[in-house]
Every structure is written in C-alpha cells, then in structure tokens.
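We did not get these values from a lab; they are worked out from the coordinates using the rules stated. Since the model is a prediction, treat every value here as computed from it, not as a measurement. Neighbour counts are summed over all protein chains in view; Cβ atoms, including those assigned to glycine, are modelled from backbone coordinates with ideal geometry.
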Amino acid sequence: MTVSREIGALARILMVALLFGATAVRADDAPVGTYAVRGWDASQLQAWDKPYRGTATLRKRGGALAYEGVMDGERYIGIGIYRPDTKTLALHFKEVRTGKAGVAHFRASGSRLDGTWVWMGDRRGRTGREIWVKK
C-alpha cells in the first residue's frame, strides 16, 4: 500500500472514530498548548539512550486538534482526536520534508502527555516513545 493510500485509510478510520465514538473536544478539556518533547526512536528504547528533543503544539480545530512539531530540526504536522473521558489522544502525523507518516497514542496526566508512536509501513511494527510536558 502506498503512503498516500495509507494516509487516506487512516484519515477514514479517524473520521469514523470521531463520528461514532469520540466525544467532541471542549475548550476546557483539550490539551491545547505548547509542549517540550523528549522522545526515543524504536531503536533507542533503552534507558541510557540519548533522547531526541523538540516542541509540539496542539491547537483546537472544531472537534479535533491540529498538531505542529519540530523534533531535532525536522518539522511535523498532523491531526488528532482527544477523548476527555479517557484522557487519551490519537494522533496522525507526517514529516513535512519527506511525507513519511505515522500514528501516535498518548495518555494525558496533569500537564504531561505520555505516548507511543509508529511509522506507517513499518512491517515490524516498531514503536517509539514520547513524553510531552506543557511549557
């Protein structure tokens, strides 16, 4: 499956989730704002591995959240759905320069989002990890 077909399929899945199960994002519940990010690629999940660093910004867009991020100089954009009842964020993202896309899932706790992510098309399903702390 090509990346564009994978992105289209994921967009349809996210839309179905929004229509049939996701609670609309209320301004007071959404984890909007800018976050300091520390993350590890799938090959760097050992405690002694040096994390990558960056920033992530979430902005409310109707019932969804728009994502913009910069990790070690690479720019990312995406769209997500936040569920206030479970305090979880499902996020579809892509690297702007290459178009490489992935999905992430975060759990909110206070001013922190803790999640895992995977590149679409990774046949081994290797996951990375990110911790976002609100600035």
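Quick notes on this structure:
- Restricting the calculation to alpha carbons of the stretch 60-126 gives Rg and Dmax of 12.4, 35 angstrom.
- Footprinting exposure proxy for HIS92, HIS105 (fewest neighbouring C-beta atoms within 10 Å first): HIS105, HIS92
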